[in-house]
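Read-outs: derived from the displayed coordinates by stated rules, not from any lab. Since the structure is predicted, the reported quantities are computational estimates derived from the model, not experimental observations.
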Amino acid sequence: MVQGRSFSRICVIPMLAGAAALLLVVLATLMPAHADIYMYQDEEGIMHMTNVPDSNKFKLFMREPRPKPKQVSSSGDVRLYDGMISEAAKLYELEVSLIKAVMKVESNFNPNAVSVKGAKGLMQIMPQNYDSLDIRNPFDPRENIMGGVKYLKQLLERYEGRKHLALAAYNCGPDTVDRYRTIPPIDETEQYVKKVLEYYKVYKAKGIST
C-alpha cells in the first residue's frame with residue numbers, strides 16, 4: 001500500500017439508489033489507487049466517503065486490490081544440465097531420474113547454492129570431498145555433477161544398491177549410517193531420503209530413467 005496519501009472526504013447528496021450506486025463506483029475510480037474506501041450515510045441521507053476514516057461511523061465500502069507478491073526463485077533450469085546429467089549417468093551407470101531427484105532436493109537445480117554447512121553447487125559437495133571427487137570449482141556445473149554422481153555411485157556400491165541407505169549417507173555421511181545400519185534417526189536425514197525417493201518416483205514415471 002502507498003503510505004501517506006489521502007484525500008478529502010467526499011459527500012454525495014441523496015438520490016435514487018441506482019444512480020447513487022453508480023456515482024459511488026465512478027467516484028471510487030477517481031480516488032487514489034491502492035486505498036481502501038470507507039463510507040457512511042448521515043442523518044440527512046448524505047453519504048461520506050474517505051480512505052482515512054476518522055470515525056467508527058465509517059464502514060468499509062471498497063477494498064483495495066492487494067497486489068500479489070512477486071515470487072523470487074533461486075532455482076535453475078534443469079534442462080540446462082540434461083546433457084551433463086546423461087553423461088554422468090552413462091559413465092557411472094546410474095539412473096538419470098535418481099540423479100535429478102538428488103539434485104532437486106540438494107540445490108533445486110541452482111548451481112550457485114551454498115548450504116549453511118558449506119556444501120556447494122548442484123549436488124552440494126562438501127569441501128573435504130573436492131579432491132577425491134576431482135572437483136576444482138564446485139560452482140562449475142559439469143564438475144559438480146560428475147563429482148556428485150561419482151560419490152553417489154560409491155555409496156550405492158557400499159550399500160549394495162540399497163537406495164535408502166545410500167541417500168541417507170549422502171546426507172549425513174556413511175559413518176553415521178554404518179553406526180545405525182539403517183537410516184539414522186535424524187529428522188533432516190529422514191526427510192531428505194523421503195523427498196529424494198518421492199522425486200525419483202515422479203521423474204521415473206515421466207520416463208526420465210536413462
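Using equal-weight Cα scatterers in the Debye expression, the normalised intensity of the range 78-205 in log10 at q = 0.12, 0.16, 0.17 Å⁻¹ is -0.39, -0.72, -0.82. Within straight-line reach of Lys117, meaning a Cα separation under 23 Å, sit the following lysines at least 8 residues removed in sequence or on another chain: Lys100, Lys104, Lys150, Lys153, Lys194, Lys195. Where the centre of each part is set by its Cα atoms, how far does the range 129-198 sit from the range 81-111, in angstrom? Between the Cα centre of the range 129-198 and that of the range 81-111, the gap is 13 Å.
Computed from phi, the 3J(HN,Hα) profile of the range 42-52 under the Karplus parametrisation 6.51, -1.76, 1.60 (θ = phi - 60°) reads 7, 4, 8, x, 7, 9, 10, 10, 7, 10, 10 Hz, with x in place of Gly and Pro. For Ile125, the residues whose amide H sits under 5 Å from its own are Lys120, ignoring neighbours fewer than 5 places away on the same chain, with H placed 1.01 Å from N.
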